[in-house]
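What follows draws every value from the coordinates through simple rules; no lab data is involved. Everything numeric here is computed off the predicted structure, so don't read it as measured data.
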Amino acid sequence: MLLRLRLLMITVGGGVALLVVLCLGAQNLGDRYRLNLGVGSTAPLPAGFVVGVSAVLGLLGGGSLTALLLPNAKR
């Protein structure tokens, strides 16, 4: 249980750190695009930011899934 919690905390911490770095790096990009979500559209976002957010969400999803599916430790 402790291993799962530690893996989940490392994943969340790494994802948050990557998202902060991504937000800081995306401040001065000139090309901005809107995403059409079906219901509406988002604010103009840089293309690298959209790709970076999808990578961070993939990291969070994969890490949390790994933590949940980790087999129990045998004693």
| Kirkwood Rh in Å, taken over the chain so that all alpha-carbon pairs contribute | 14.3
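Helix-only mean residue ellipticity at 222 nm, the chain, DSSP H runs n ≥ 4 weighted -39,500 (n - 2.57), per residue, nearest 500. What is it?
Details: 2 runs with 47 residues, N = 75.
Mean residue ellipticity, 222 nm, calculated: -22000 deg cm²/dmol.
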| message | On a full-extension model of 0.36 nm per residue, what is the gain between residue 54 and residue 1, subtracting their alpha-carbon distance, rounded to one decimal in nm? | response | 16.2 nm
